[in-house]
Amino acid sequence: MILAAGTTKHIRRGRGREIISLLSRRFMVAIPATMAVTAGVFWLASIAPFNPLAAYLGSAYEQATPAQREALAQELGLNDTWYSVWFRWIGDALSGDWGTSRLFAQPVATVLSERLGYTVLLTGAGLILAIALSILLALGAGLRPGGILDTLCLSVVHIAQAIPPFVLGLVAIAVFALSLGLPAGGIAAGGAEPTGASVALHLVLPACVLAITLLPWLVMNLRASVLQELASDAVLAARGRGFGRRQILLSQVLPVASLPFITVVGTRLGELVTGALLIEVVFSWPGLASATVDSAIAGDFPLLAAVTALTCLMVFAGSALADACYLAVDPRVHDV
Amino acid sequence: MRRLPRITPLAFLASMLLVTAGCAVSPPQSGTGSQPDDSLALLTAALPETLNPLAGFDNNGTGKINESLFTLEGPQNQLPAIVPLLAAAQPEISADAKEWKVTLRTGIFFSDGTPFDAKDVVASYQSIMDPASASPIAGVLTNLAGVRATDDHTVEFTLHEPQVSFKTALLIGVAPSESLERTGLVEDSVLNRAPIGTGPYVLDSFTPSRLVLKANPSFRDGEVDLKRVVYEEATDDNSRAQRMLAGEFDGTVLPPRLAASFAGNSDFELVRATSADWRGLSLPAEHPLTSDPTVRLALNLGVDRQALVDGVLAGAGRPASTFVPAAYGNAFEPSAVFAYDTKRAGQLLDQSGWVLGDDAMRSKDGVPARFTLMYNPGDTLRRDLSLAFSAQMKQLGILVSVQSATFDQAEPRIGTDALMLGGGDTPYDVDTQLYKMLHSEYPAAGSYYDNPSHFADPGMDAALDLGRTTLDPEARDKAYRQVQSLYVNEPSMVVLAFADHSYVQRSSTAKAWTGTGTLLEPHDHGTAWGPWVKPGQWARNQ
């Protein structure tokens, strides 16, 4: 990678244009695809065995006569076909009105703004922690394949993959909260108002548990790339020039091995939200993920559609950004 | 991947160790409660979706923000009396029990400063009755023909049919008429997130996982002692138990089994609230086996209700032979119980022609003795009761196959398949507890779940109608005792148990305050009930 300064600049400028073109192309695909996905959600929710009127009435549903139910369903617009509901929703949504969430009895935009921040905080912290941990573990494992560190790292990620996230969460509460005094859930001590410090302290356990659930994919992928790269000609040449193992890992192996890793991270962004769901429930974290399931069960169309659209856009953004990073860091790549 | 087999045992062992560690109940830390003394922090399974009384929030006379005309008062294991709250006195009821006149208290103000008067009561009730509001509790007022203010402090309710138990409909919270002027769906009302009431508490904040109430500074009797009530949401049962153990909260609601794990712990007390919340199964009228009155009686005699209470409810309940628990006092008939008697049950089955075959199962003229029992898939208690009932019936030689079915799946099959039901949503009068389950007008006049076995008996109808219309309390009690005696002679369902509700409270909270008693609870419950049902009446112990 020894290039003249002018050439680098020229390539950089070309890269910038390529990245912008990539992102705009992806954006053009993402918008209609997201609309199609929301339509799919409305259709699926309409054929799902959940009964929105039962969710609305609660225990009064069993006491309502068929005539009363019919009148209520008419009044609430529950008898409309899914596509007419969807057309109404998409029209309103494009004009900036996201509707009212029946489940939370407030505008969808308010529900999203109250909760999205917490989910982003949790998933962001979990993801950063997971990336940092997986780089450390994979490099450590790659340092001596088959050695103690490698075996330990592999067993940790296999255990992490084998234990369901909610069990891991409850175990973490039992071990770290009850005996070590870390907060067991929520965002503030019982009865107290949440503050920045209390949120940060309460974030520790859920973010760690989320990171551990993300770890297996990331570590296994990065470790495989590291091992593959260790066997490459470039590493052989570097070794021949007398570089130390540590230096080879950091300067030769990691940059190349991190390329497929970026793709994995990008594609995991969507799954991150679903992974956060169970964690949010166990730790009573006031985020959006747990609201998604509730809204699906309650047939709360406006909220469900808004959350799906957001998740969908996040997946597109994740893979587009990952590919853009690819363009930025790997000079060999031109067309993604 | 060649390495995999070697590490798998290690991984397995380590994960078992972790899981076991998670199951072991760790000792609680004492003295970690950091909140000030005059506040209460409760861990709740679900926060209310809305705080609007007209949408059904806290509408059993126990509203903390929005008070009702009447409220509930009584010891924990008796039917509470319905006593005036915003009403000045007991209602004046016409001889035919169709005209109800309620005089209101004067000098009461809403938390926004507007005075409380008859207009507010009329607007609140009319808003619920208005079909355009689609209020989920409109069903409670189906018998109400109209409500009007005769002067500023008198309201008259006119009913379609005579109904002495209409008093239970006067437990709904009252909102100011000014906030009800705009008509429309109740789900769009501003009161959902910003309630205005006359009660001891006002809303402090309502965020995604926390609802905070604070003492109403302008409450008519002065600010209450307990200044702040925090409800924090934790939907998962195990999470609530763990966080309660961690010592940050004053109380929570738990399923009986998890609550029982706190029993030997001196830092916490286990509170069990009596309820009229029954569970039982319908006996379908169009099924050859379950439509036979002799078989119906045999099924009632052949089920060991105490075993169900001990096993399935973990002791948190009482066996139920009829819909009427002992808490109803004089309206309860002590002799109306089914003794557990498998021998007599067998004889009755033999008599009706359902005889044992070689496989120890019964049949009649080649038709095997079997039926399907459906339960709501979301309710694990109903599932477990159904399975236990099925196991007991097998001993009698009857095959009961248990199946989960949603409302939509179960309703068309209710004539031919049995259904595990729950009731006691409106327990504050014996009439509302019983009428729809036993009167022959139902289910035609009501929902799928009213009188699901299509029981029809003129004597029963007469007793129920007398109880509904007579203003003489003794005649009422007598009529209802007769209802129970008639029922045990010819049962239409198999009522199994009353499920009590389990709460865990920090011992120091119970010691520091008086007024932490429970009320007889309806089917719906949570941290708005239990020992925390009336925090506005708590007084600090010196």
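The values are calculated or read from the model by the stated rules, or taken from the named source; none is laboratory data. Keep in mind it's a predicted model, so treat the numbers as computed, not measured. Reconstructed Cβ throughout: ideal geometry from the backbone, glycine too, with neighbour counts over all protein chains shown. Surface accessibility is based on the protein's heavy atoms, side chains included, excluding ligands, DNA and RNA. Shrake-Rupley method; radii C 1.70, N 1.55, O 1.52, S 1.80 Å.
A few remarks follow.
- Proximal lysine pairs, the range B:278-499, alpha carbons under 21 Å, eight or more residues apart or interchain: 4
- Whole-percent carbon and sulfur share, accessible surface of the range B:401-523, 1.4 Å: 52 percent
- Buried surface for the B/A pair, taken as the accessible area of each chain alone minus that of the pair with a 1.4 Å probe, is close to 5100 Å² in total.
- Mean per-residue shielding of peptide B:37-49 is 2, counting Cβ atoms of other chains within 10 Å of each Cβ.
- The long axis of helix A:196-230 is offset from the longest Cα principal axis of chain A by roughly 50 degrees.
- Solvent accessible area, Å² - residue A:104, 1.4 Å probe, full protein context: 40 Å²
- Rounded FRET efficiency, nearest 0.05, which uses the C-beta distance separating residue A:197 from residue B:411 and R0 of 51 Å: 0.45
- Selected from B:395, A:172, B:241, residue furthest toward positive end of dipole (the protein assembly as shown; charges at beta carbon): A:172
- Per-residue ellipticity at 222 nm computed for chain A from its helices equals -25000 deg cm²/dmol, with DSSP H segments shorter than 4 residues left out and the rest contributing -39,500 (n - 2.57).
- Between the helical axis of A:254-282 and the longest alpha-carbon principal axis of chain A there is an angle of about 30 degrees.
- Candidate residues A:323, B:365: accessible-area rank, largest first, probe 1.4 Å: B:365, A:323
- For the range B:58-192, the fraction of 1.4 Å probe accessible surface lying on carbon and sulfur atoms is 50 percent.
- Averaged over the residues of peptide A:178-184, the number of Cβ atoms from other protein chains lying within 10 Å of each residue's Cβ is 5.
- Legend: mean number of C-beta atoms from other chains within 10 angstrom of residue C-beta atoms, peptide A:164-176, equals 5.
- Evaluated at q = 0.17, 0.21 Å⁻¹: base-10 log I(q)/I(0), Debye formula over Cα of the range A:1-158: -1.14, -1.33
- Of the listed residues A:148, A:20, A:159, the order by accessible area with a 1.4 Å probe, largest first, is A:148, A:20, A:159.
- Shape of the range B:58-192, Cα gyration tensor, a/c cut at 1.5: rounded
- Listed residue (B:203, B:155, B:444) projecting farthest to the positive dipole end of the protein assembly as shown, Cβ model: B:203
- Selection from B:110, B:89, B:176, by position along the positive dipole direction of the range B:58-192 (Cβ): B:89
- Neighbours of residue B:48 by Cβ distance under 14 Å: Lys/Arg scored +1, Asp/Glu scored -1, total -3.
- Only the Cβ atoms of Lys and Arg (+1) and of Asp and Glu (-1) were treated as charged; on that basis the dipole of the range B:278-499 about its Cα centre amounts to roughly 520 debye.
- Percent accessible area from carbon and sulfur atoms, the range A:101-170, protein chains only, probe 1.4 Å: 80 percent
- Cα-based Rg of the range B:37-100 normalised by 2.2 N^0.38 Å, two decimals: 1.46
- Over the range B:392-540 - Rg/Rh using Cα atoms and the Kirkwood inverse-distance radius: 1.06
- Listed by chain and number, the lysines whose C-alpha is less than 20 Å from the C-alpha of residue B:101, apart from same-chain residues fewer than 8 away, are B:119, B:167.
- Student exercise, the range B:58-192 dipole from Lys, Arg, Asp, Glu Cβ charges, in Debye to nearest 20: 260 debye
- Three principal axis extents describe the C-alpha atoms of chain B; from largest down they are 78, 78, 46 Å.
- Heavy-atom accessible area per residue - the range B:218-321, 1.4 Å, Å²: 31 Å²
- Note on residue A:251: accessible area is roughly 70 Å² with a 1.4 Å probe, heavy atoms of protein only.
- For the protein assembly as shown, size of Cβ-based charge dipole, Lys and Arg +1, Asp and Glu -1, in debye: 4640 debye
- Net charge over other residues, Cβ less than 15 angstrom from the Cβ of residue B:154 (K, R count +1; D, E count -1): -3
- Summary of packing: across the peptides B:421-428, B:441-448, B:311-318, the per-residue average of other C-beta atoms within 10 Å ranks them, highest first, as B:421-428, B:311-318, B:441-448.
- Alpha-carbon centroid distance for the pair the range B:190-240 / the range B:406-480, whole angstrom: 36 Å
- Rounded to the nearest 10 Å², the accessible area of residue B:214 at probe 1.4 Å: 80 Å²
- Taken per residue, the accessible surface of chain A reaches 47 Å², heavy atoms only and a 1.4 Å probe.
- For the protein assembly as shown, the C-alpha radius of gyration sits at 1.09 times the compact-globule guess of 2.2 N^0.38 Å, with N the residue count.
- Accessible heavy-atom area order of B:474, A:193, highest first, probe of 1.4 Å: B:474, A:193
- Anisotropy class of chain A from Cα gyration tensor, a/c 1.5 cut: oblate
- Degrees between helix A:5-47 axis and first principal axis of chain A (Cα, 0 to 90, nearest 10): 30 degrees
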